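First comes the structure, then the notes that go with it.
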Amino acid sequence: MLLVEKTPQKKENTKSNKLFEEACKVLPGGVNSPARSCKSVDATPIFIEKADGSRIIDVDENEYIDYVGSWGPMILGHRHPRVLEAVELALANGISYGAPCRQEVELAQLVCQMMPSIEMVRFVNSGTEATMSAVRLARGFTGRDMIIKFDGCYHGHADSFLVKAGSGLATLGISNSKGVPEDLAKLTISIPFNDVDALKKAFKEHKGEIAAVIIEPIVGNAGLLLPKDGYLQSVRDLCTENKSLLIFDEVMTGFRVAPGGAQELYDIKPDLTTLGKVIGGGLPVGAYGGRADIMQMVAPLGEVYQAGTLSGNPLAMACGVAQLRIVKNGEALKDLSEITDKLVAGIQKIIDEQKIDAIVNKTCGMFTVFFTKKEVFDFESAKNSDTKKFARFWQNLLEEGVYWPPSQFEAAFVSTMHTDFDLDQTLKAFESALKNLD
Ligand code: HOZ
């Protein structure tokens, strides 16, 4: 371990601030992704120098307990020895070939074993590429053009998805992105999550027109939203009835909420699944896969085209194989679930003791503290949250040496390397951060 378990001490952010100033001259907003701009929490982003286990250290040598975890990939913590070793071994053989390699096959076999609904899979370089390709494939397979998504769900930044999306758009209060042609946007219908009647209505109004329904089975990009009992089965049934494909976007939930993802947890068989984050172990990997009869349409077998110079990159594949092998046996996720439950129970106790208007939605490995006292089950109810209070909470936590996702509409991620010491420190930081909200 690079870092020893110590109480995080907060110092100045001089170097981060200087770097941000320089970054803003050459990078829009000083970042390469809006979700890390810290705009919605009225803060300047900190620049990270290194990470290890559950900790990150910024360029000013401030140490934080990390609950972003690179937005999900670092499920086993930073610099897991077996993951590092796999990457180092692969690196000794080169960086990229632009030709098939052994590791691609290994990772594909692992994905298909762990998610049996996936009979064939194609690797790409991001969740966005995965969802974009899955929707193109669904349109090619069904011959239909329209898709249904859900308010607050975020499926990456492909044009078809930037309609009432979550994550960075919700964080920045952008309902639809500029630059998306109206003629394309109107092919996307966005309806409330957890509302079966809304889905029935959409299918009725667009009978025979819907190529696919794409859904985060457990939503992470509006903050965490859990499906109501029976909801996902209703979505499955309605897709089957209407001969539309069901795409489970498991970029966040895949290999986290259960070894086989949300589809294992809820026993639902989607037609296609999109993946990312965990399967790359921190290196850029996305994937889409599913029924073989559908995947047969993907070039070079079929006429749905998709390609990528760095798809199947040997380093990224080796990293993903090492990470999935550890997750596969289920022990890691059992630990992860216990760590999550312990932390959330401690947070809930503090919220209750301090009588804070906040609720917590959780699942294995990820959770969101919403600053509202009402139940949060869809994007509209998530938007009841007090985002100003969240911003003060985020700043207070940072002061206490805890690095939290800089948005009310994101999920916090736990890793298997978060120790009892980390949890104790985190709960102390929560007590202080919640006390000084006004
Ligand atoms: N999908 C990520 C959060 N839900 C985005 C992270 C980023 O853009 O940095």
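No lab work stands behind these numbers, since they all come straight from the coordinates. Values in this document were obtained by computation on a predicted structure and should not be read as measured data. Reconstructed Cβ throughout: ideal geometry from the backbone, glycine too, with neighbour counts over all protein chains shown.
The table that follows gives values for the structure above.
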item	result
Calculated FRET efficiency for the pair Lys428/Thr14, C-beta based, R₀ 22 Å, to 0.05	0.25
Global form of region 143-270, assessed from the alpha-carbon gyration tensor, a/c cut-off 1.5	oblate
At R0 = 25 Å, FRET efficiency that the Cβ-Cβ distance of Asn384 and Asp42 yields, to 0.05	0.80
Semi-axes of the equivalent ellipsoid for region 344-438, Cα gyration tensor, largest first, Å	19, 16, 13
Proxy reagent accessibility, fewest Cβ within 10 Å first, across Lys25, Lys389	Lys25, Lys389
Computed P(r) (all Cα pairs; region 281-375; 5 Å bins; percent)	2, 10, 13, 12, 12, 12, 11, 10, 9, 5, 3, 1, 0
Globularity index of the chain, i.e. its alpha-carbon radius of gyration over 2.2 N^0.38 Å	0.95
Largest to smallest principal axis extent of the C-alpha atoms in region 158-233, angstrom	36, 32, 15
Ranking of Met114, Met132, Met317 by count of other Cβ atoms within 10 Å, fewest first	Met114, Met132, Met317
Paramagnetic label zone (point 7 Å from Cα along Cα-to-C-beta, Gln233; backbone N under 20 Å) in region 204-219	215-219
Span from the region 274-341 Cα centroid across to the region 191-234 one, whole angstrom	24
For the chain, calculated [θ]222 nm from helices alone, where every DSSP H run of n ≥ 4 adds -39500 (n - 2.57)	-11500 deg cm²/dmol
In nm, spacing of pseudo-spin labels at Leu226 and Thr240 (7 Å Cα→C-beta vector)	2.5
Modelled FRET efficiency - R0 45 Å, Arg325 with Asp183, Cβ distances, 0.05 increments	0.50
Spin-label pair Glu61/Glu88, simplified geometry with 7 Å Cα→Cβ offset, distance in nm	2.6
Computed over region 1-144, the ratio Rg/Rh where both radii use C-alpha atoms and Rh is Kirkwood	1.05
Ranked Trp71, Trp404, criterion: other C-beta atoms within 10 Å, fewest first	Trp71, Trp404
